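Student: What follows is a structure written as structure tokens; I'll ask about it next.
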Amino acid sequence: MDISIICLLVTTGLVGGIINAIAGGATLITFPVMLMAGLPPVAANASNAVAILPGHLLAAIADREKMPPLDRGFCLSLLVSVSGGIIGALLLLALPDRVFILPVPALIGFATLLFAFAPQLQRWTAQRRAGRPPSPVGGASVLAIASIYGGFFGAGLGIILSAILSVADPGDIRRVKVLKNLLATSVSLAAVTIFIVQGRVHWPQTTVMLLGALAGGYIGGMLVRILPAQTVRIVVIAAGTLMTIVYAQRYWF
């Protein structure tokens, strides 16, 4: 790696860590930079997943007061999340780079739309509940689908999980966020374990970005008190839209 790539990876990891701490959505920026660093698409996705892994866990630990009890429901959710993450990761590794790269612009665009409309999506899911208790089977099925997607690509996973969990617990957003971060960590940890065992992680690029992401997460934890989340949301949405256009032109036209 030359110095320009090292600086780009560190800077992007730093910015991604701040974004994840304040609003979420760092993958929309960090994954394309892994591609810019010269990694093949599948390896870029795997390496990016490792680099941003600590973010969700650190966010959950930061609000320990809202940790869920270690009951049957939570353990079942963890099991579903881990299983889905493994399936998604294996599905990703089964695809050759030339096949995986085709849906990448659509995946980035989908994650950008999820991020842009996350508040409306969460309100809609809460209204759909309308006081009715959620179906355990239905909830587990939706969580499984979300976890498979998270293991396969991951961008927007936190938004999807927040919407799902808000149906069951619309009254306590802090508890929803902590549970979301724990489940997202489970999905990511299961997926990156597969990636590491299969030797698909490029460690030089991953380590450089990870160092930046750790620093960014710490800084973001301080900035979250003063920096408006809406400002960060606008930046992430703009970046995601730009990346969708750039990669659509590169791989589709």
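Student: In the set A60, A51, A46, which member is among the hydrophobic types (A, V, I, L, M, F, W, C), open to solvent by less than 60 Å² (accessible area, probe 1.4 Å), within 13 Å of the chain's Cα centre (by Cα) and closer than 13 Å to G217 by Cα? It would help to see each step written out before you state the result.
Tutor: Details: A60 fails: within 13 Å of the chain's Cα centre (by Cα); A46 fails: closer than 13 Å to G217 by Cα.
From the options A60, A51, A46, the qualifying one is A51.
Student: With the condition kept exactly as written, say whether any residue in the range 107-118 is open to solvent by 50 Å² or more (accessible area, probe 1.4 Å), modelled with pLDDT under 90 and assigned to a helix (DSSP H, G or I). Let's see the steps before the verdict.
Tutor: As a first pass, look at the range 107-118 and keep what is open to solvent by 50 Å² or more (accessible area, probe 1.4 Å): 110, 113, 117.
Cutting the leftovers down to modelled with pLDDT under 90 gives us 110, 113, 117.
Filter once more, keeping what is assigned to a helix (DSSP H, G or I): 110, 113.
Yes: one or more hits.
So that you can scan it fast, the table gives a plain yes or no per residue for (1) over 14 Å from the mean Cα position of the chain (by Cα); (2) touching a residue at least 40 places away in the same chain (Cβ under 8 Å):
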position	(1), (2)
L9	yes, yes
A21	no, yes
G38	yes, no
L95	yes, yes
A118	no, yes
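Student: Next up: Among V246, V192, V235, which is in contact (Cβ under 8 Å) with a residue 40 or more places away in the chain, open to solvent by 60 Å² or more (accessible area, probe 1.4 Å) and either part of a helix (DSSP H, G or I) or among the aromatic types (F, W, Y) (or both)? I'd like the intermediate steps shown before the answer.
Tutor: Numbers: V246 fails: open to solvent by 60 Å² or more (accessible area, probe 1.4 Å); V192 fails: open to solvent by 60 Å² or more (accessible area, probe 1.4 Å).
Selected residue: V235, the only one of V246, V192, V235 that is in contact (Cβ under 8 Å) with a residue 40 or more places away in the chain, open to solvent by 60 Å² or more (accessible area, probe 1.4 Å) and either part of a helix (DSSP H, G or I) or among the aromatic types (F, W, Y) (or both).
Student: Looking at this structure, is S83 within 17 Å of I194 (Cβ to Cβ), at pLDDT 85 or above and buried (at least 16 other Cβ atoms within 10 Å of the Cβ)?
Tutor: So S83 fits the description; yes.
Student: Counting just the residues of the range 57-105 that are out of contact with any helix residue (DSSP H, G or I) (no Cβ under 8 Å at 6 or more places or on another chain) and among the aliphatic types (A, V, I, L, M), which one comes out farthest from L183 (Cα to Cα)?
Tutor: Taking the candidates together, the pick is V99.
Student: If you check I18 against the conditions, is it part of a helix (DSSP H, G or I), within 23 Å of L242 (Cβ to Cβ) and not small (G, A, S)? Walk me through how you get there before you give the answer.
Tutor: On the way: part of a helix (DSSP H, G or I): yes; within 23 Å of L242 (Cβ to Cβ): yes; not small (G, A, S): yes.
So I18 fits the description; yes.
Student: Could you tell me which numbered condition V33 fails, if it satisfies all but one of (1) farther than 24 Å from I245 by Cβ; (2) among the aliphatic types (A, V, I, L, M); (3) open to solvent by less than 20 Å² (accessible area, probe 1.4 Å)?
Tutor: All conditions pass for V33, except number (1).
Student: Hey, another quick one. Inside the range 21-62, counting only helices (runs of 4 or more DSSP H) that do not spill past its ends, which hold 3 or more residues that are at pLDDT 90 or above and of a type in the set (K, R)?
Tutor: Values: elements: 27-36, 41-51, 54-62.
Of the helices (runs of 4 or more DSSP H) lying wholly inside the range 21-62, none has at least 3 residues that are at pLDDT 90 or above and of a type in the set (K, R).
The values are calculated or read from the model by the stated rules, or taken from the named source; none is laboratory data. All values reported here derive from a predicted model rather than from experimental measurement. Here the Cβ is made from the backbone with ideal geometry for all residues, glycine too, and neighbour counts use every protein chain on show. Ligands, DNA and RNA are excluded from the accessible area calculation, which covers all protein heavy atoms including side chains. Shrake-Rupley method; radii C 1.70, N 1.55, O 1.52, S 1.80 Å.
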